[in-house]
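Below is one structure, written out as C-alpha cells; comments come after it.
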Amino acid sequence: MKWLSLFILGLVMALLIYAETDLPDRGDPEAPANQHVSPLYLERTVEDTHTPNAVTSVLADYRGYDTLGETVVIFTAGIACVLILMRRRSDDNQIRKPNS
Amino acid sequence: MITRYESPIVEVVCRVIVPFVQVFALYVITHGHYGPGGGFQGGVILAASFLLLRLCLGGELAHQKLPPRLAIALGAFGVLLYGLTGLVPMMAGGQYLDYGHLPIPGVSGAELRYVGILIVEIGIAFGVLGIMVGIFDNLVERQS
C-alpha cells in the first residue's frame, strides 16, 4: 500500500512537471495573464486614483471587493479563535463529573 | 492574565518604544499610497505595540489603554467601515465600492478615489488590530 501511494505520487509529480514546461516564464510580458487588464491598471493608476503605488490601487480600488472578502475572512477566523479559547476557559472552570 | 513583573528597565524601555511604534504604524498605514505598506501591515504593527504594553505592564495597567472588549469591537468596526464605504456610493448612485461616488464635499474625481482607498485601509487596520489583540487576550487569560 505504501509503495502504491508512492508510485501514484511520483506519477502525479511527473505529470505536473511535464505540464509545467508549457507554462509561460515568470514575468513574461507576452503571457496571457499580463496581456488582459494588467497594462491598463499600470497605465491608469495615477490618473484614476492619484495613487502612484499600483499595488495599493489594485488591492483597494480595482479589486476592492476581493480585499473586502479577505478582511471578512481574517475577522471571521479571528472571532472563531476567540470563541474557541473562551469555550476552553469556561470548560476548565467547571468541576468534572465522574461519568463524563 | 499576565501579572506584572517589577523591572524598571523593561518598563522604561517599553514606555519609550511604544509611542514610536504606534507613530510608525500610522505611517505605514497612510504610506500605502506611495510605497510598501497598507492596512494589513500597519494594523499588525499597531497591534504589536498594544501587545508590547500588555507584556511589559501586565494586564491591569495595559487593559486601561485598550480594554479587551473594546479591541474586539474595534475589529468589528473596522470591517463595518469597509463594508459601509462600499455601501455609501451605492446610495449615491454608483456601484458597490465605487469610491468615485462617495458624497464627500470638496473633493472629486481621482482625489475622491484616493480618499476612498485611505478610508478602506484604515478599516482594514482596525480589523486586524482588533483581532490580533483579541486573540492574544484570550490566549493569556489565566485558567482558574
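Here, each number is a calculation from the coordinates, and none is a lab measurement. These numbers come from a predicted model, not from an experiment. Cβ placement follows ideal geometry from the backbone for every residue including glycine, while neighbour counts extend to all protein chains displayed.
Summary table below
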item: Point-to-point label distance, A:L9-B:L70, nm (Cα→Cβ direction, 7 Å offset); result: 5.2
item: Separation in nanometres of the label points that stand 7 Å from Cα toward Cβ, at A:Y18 and B:M91; result: 5.9
item: Proximal charge balance of B:R113 [Cβ under 12 Å; K/R count +1, D/E count -1]; result: -4
item: Average other protein chain Cβ within 10 Å of Cβ, residues B:110-122; result: 4
item: Order of B:K65, A:K2 - criterion: other Cβ atoms within 10 Å of each residue's Cβ, fewest first; result: A:K2, B:K65
item: The range B:66-106 versus the range A:1-65: alpha-carbon centroid distance in Å; result: 30
item: Averaged over B:33-40, number of beta-carbon atoms from partner chains that fall within 10 Å; result: 5
item: In degrees, nearest ten, helix B:39-57 long axis to first principal axis of chain B (Cα); result: 20
item: Label-point gap, in nm, between B:E141 and A:R87 - each point 7 angstrom along Cα→Cβ; result: 1.5
item: Acute angle (nearest 10 degrees) that the helix A:38-49 long axis makes with the longest principal axis of chain A, alpha-carbon atoms; result: 80
item: Cα shape, the protein assembly as shown, gyration tensor, a/c 1.5 rule; result: oblate
item: Chain lengthening between B:Q22 and B:F77 when straightened (0.36 nm per residue, less Cα-Cα); result: 17.9 nm
item: Equivalent ellipsoid, chain B (semi-axes from 5 times Cα gyration tensor eigenvalues, Å); result: 35, 17, 9
item: For A:54-63, mean number of other protein chain Cβ atoms within 10 Å; result: 6
item: Ranked B:R54, A:R26, criterion: other C-beta atoms within 10 Å, fewest first; result: A:R26, B:R54
item: The range B:44-144 - charge dipole about Cα centre, Lys and Arg +1 at Cβ, Asp and Glu -1, debye rounded to 20; result: 180
item: Most to least packed among B:8-14, A:31-37 [average Cβ atoms within 10 Å]; result: B:8-14, A:31-37
item: Residue-averaged 222 nm ellipticity for chain A, from DSSP H runs of 4+ at -39500 (n - 2.57), nearest 500; result: -21500 deg cm²/dmol
item: Angstrom value of the Kirkwood radius, inverse mean 1/r, which spans all Cα pairs in chain A; result: 19.5
item: Ranking of B:T85, B:T30 by count of other Cβ atoms within 10 Å, fewest first; result: B:T30, B:T85
item: Crossing angle, helix B:110-140 versus chain B [Cα axis fit, 0-90 degrees, rounded to tens]; result: 30
